[in-house]
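The values are calculated or read from the model by the stated rules, or taken from the named source; none is laboratory data. Everything quoted here is computed from the prediction, not taken from an experiment. Reconstructed Cβ throughout: ideal geometry from the backbone, glycine too, with neighbour counts over all protein chains shown.
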Amino acid sequence: MEKVIIVGSGCAGLTAAIYAARANLSPLVLEGSHPGGQLATTTLVENFPGFPEGIDGPQLVMNMHMQAERFGARFSYSEVTDFEPKDDHLRLLIDDEWKETRSVIIASGASARWLSLENEEKLIGHGLTSCATCDGAFYRNVPVCVVGGGDSAAEEALFLTRFASKVYLIHRRDKLRASKIMADRVLACESIEPIWNTVLTQYIPDEKGEMNAVKLRDVNTHEERLLPVACVFVAIGHDPNTKAFHGKLETDPDGYLIRKHLAESKHPGVFIAGDVADRVYKQAITAAGSGCAAAIEAEKYLSGFPHSVD
Ligand code: NAP
């Protein structure tokens, strides 16, 4: 019987791991298929307190990982696919094997949303991606486009100017949702060309199955046109990763887990942290804060079990 299993290794999960490990709970952290969460695929993080010059996202999560490990957190690349609450413990299906634990901290984060267009799955990795940090360098001196108008789209577009000959920013409205500082940077950047009030309606691959162009539609005039691009970077937000908990834990209509109080769910022993339950702030620092709260609540909960905390 584990004391606490932490599902997810982004900012929320790793902060929970640091606190749980320092409380001597020897947490088991399930890193899942995207270790480090969203920060692992971002670039410079300028708003995490304590880093006046900013810090690279992958470095920040690596630091947190080492910090948790130093206090005794254990890590596994496994993934949870099912969950069963029992009277005084919980069962998690981890890589096809049921594992028992007194408590769980769900910090499974959120995954990139796609446009749901024809050929989308086939084109991922062939000129279609949601991660500029991962794939941007493959597209040197060619035109690319970013879809979206939030901070992620702004960040991706700015990052891509290092490589691409031209970055088109395709947004369905005529105003960016991104924070003012990011929006100002995008609008001041000569190699980014915003295409306003426009949606991408079709991916057009070449005969080898690589992205070659996209079809765009002006939402006001309904005019359509082709735009040659070598890669499309989709940055239209994220959906919470709650598949393993469907029907077992309460979610809102968009699938975000619902917390009863700061970090608790309605099930004893189940705590929730980070973007999997946050449709409002979605910041690294708020995820870290909620990871801390979840670990403190889990520790309090576990202290009710004799011999559960050494
Ligand atoms: P977001 O803020 O939800 O923005 C998503 C963008 O995609 C919006 O502009 C939205 O358009 C557009 N969109 C959504 N669905 C679409 C669709 N089906 N077709 C076309 N466009 C679509 O998501 P995000 O940019 O990933 O940011 C998420 C959170 O992380 C935010 O709180 C953000 O501040 C934070 N973040 C911060 C930083 C930073 O501080 N450096 C970096 C990245 C993310 P509308 O505007 O019309 O809704």
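Things to note:
- Which listed residue, of 56, 82, 95, is in contact (Cβ under 8 Å) with a residue 40 or more places away in the chain and among the charged types (D, E, K, R): 82
- Which listed residue is closer than 15 Å to residue 274 by Cβ and touching a strand residue (DSSP E or B) at 6+ places or on another chain (Cβ under 7 Å), from 44, 60, 14: 60
- Candidates in the range 120-158 are the residues that are in a strand (DSSP E or B) and in contact (Cβ under 8 Å) with a residue 24 or more places away in the chain; of these, the one that is surrounded by the fewest Cβ atoms within 10 Å (Cβ to Cβ) is 143.
- Some residue of the range 176-184 being of a type in the set (D, E, K, R), within 20 Å of the chain's Cα centre (by Cα), surrounded by fewer than 20 Cβ atoms within 10 Å (Cβ to Cβ) and not in a loop (DSSP other than H, G, I, E, B): no
- Filter pass, residue 54 being of a type outside the set (A, V, I, L, M, F, W, C), touching a Gly at 6+ places or on another chain (Cβ under 8 Å) and under 20 Å from residue 10 (Cβ atoms): no
- Check on residue 99, out of contact with any Phe, Trp or Tyr (no Cβ under 8 Å at 6 or more places or on another chain), more than 21 Å from residue 237 (Cβ to Cβ) and either within 15 Å of the ligand (Cβ to nearest atom) or part of a helix (DSSP H, G or I) (or both): no
- Subset of the range 24-48 that is part of a loop (DSSP other than H, G, I, E, B) and within 14 Å of the chain's Cα centre (by Cα) - its residue that is farthest from the ligand (Cβ to nearest atom): 31
- Looking only at the range 234-282, and only at residues there that are of a type in the set (Phe, Trp, Tyr) and touching a residue at least 12 places away in the same chain (Cβ under 8 Å), the one that is surrounded by the fewest Cβ atoms within 10 Å (Cβ to Cβ): 256
- Residues being away from the ligand (no atom under 12 Å from the Cβ) and either in contact (Cβ under 8 Å) with a residue 24 or more places away in the chain or in contact with a Gly (Cβ under 8 Å, 6 or more places away or on another chain) (or both) - total across the range 159-185: 9
- Residue 115 vs. criteria within 13 Å of the ligand (Cβ to nearest atom) and over 23 Å from residue 287 (Cβ atoms): yes
- Cβ pairs under 8 Å, 6+ apart, first in the range 294-305 and modelled with pLDDT of 95 or more, second in a helix (DSSP H, G or I) and charged (D, E, K, R): none
- Check on residue 208, away from the ligand (no atom under 16 Å from the Cβ) and in the same structural domain as residue 92 (by TED's automatic domain parsing): no
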